[in-house]
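Asks: Starting off with a structure, shown below.
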Amino acid sequence: MKQRIVTIAFLFCCTSLMQAEQSQKYWIYFRDKGENTSSVLSRAATQQQRAAAIGLSERALARRAKTMSAANIITMEDLPVAPSYLQQLSSAGITIQNTSRWFNAATGIYDRCTACAHRRSLLCYGY
């Protein structure tokens, strides 16, 4: 009986350790949009130039113009996630799956060890 309990406990520990080492998907939120935000949103550039710089189509601009004021057609939420931040995550061993402009975040796949090792060095809020 004791041997059976020890075997079950051993198997339980092994499976829980294997699960802890498996990679999981996390949302990684960034503090800001990067260094070039002011240049992209500067008032000196025309609205079409700003839209082209961040990837908005003419159709999207026309749709927004119907419901928003001219000053708010292009906002900070429209700016993409900074490529330097994504590169920093990749170099830390995190596989980037998707990015979200509005959430200023990326989804990445990594294990707990990678998260603990790089949490303080990355420019993000965490997982």
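The values are calculated or read from the model by the stated rules, or taken from the named source; none is laboratory data. Fair warning: this is a prediction, and the values are worked out from it, not measured in the lab. No Cβ is skipped: glycine too gets one built from the backbone with ideal geometry, and neighbour counts run over all protein chains shown.
Asks: Just give me the residues in the stretch 78-108 being over 11 Å from the mean Cα position of the chain (by Cα), more than 25 Å from residue 22 (Cβ to Cβ) and among the aliphatic types (A, V, I, L, M), in sequence order.
Replies: 79
Asks: Can I ask one more? Looking only at the stretch 71-105, which residues are of a type in the set (A, V, I, L, M) and in contact (Cβ under 8 Å) with a residue 12 or more places away in the chain?
Replies: Here is the first cut: in the stretch 71-105, the residues of a type in the set (A, V, I, L, M) are 71, 73-74, 76, 79, 81-82, 86, 89, 92, 94, 96, 105.
Within the stretch 71-105, 73, 74, 76, 79, 81, 82, 86, 89, 92, 94, 96, 105 qualify.
Asks: Condition test on residue 58, is it within 22 Å of the chain's Cα centre (by Cα) and free of Cβ contacts under 8 Å to residues at least 60 places away in the same chain? Spell out how you get there, then give the answer.
Replies: On the way: within 22 Å of the chain's Cα centre (by Cα): no; free of Cβ contacts under 8 Å to residues at least 60 places away in the same chain: yes.
Answer is no for this residue.
Asks: Please list, ordered by residue number, the helices (runs of 4 or more DSSP H) wholly in the stretch 1-99 having 3 or more residues that are at pLDDT 85 or above. Write out each step before concluding.
Replies: On the way: elements: 2-21, 37-40, 47-54, 58-67, 83-91.
Counting at least 3 such residues, we get 58-67, 83-91.
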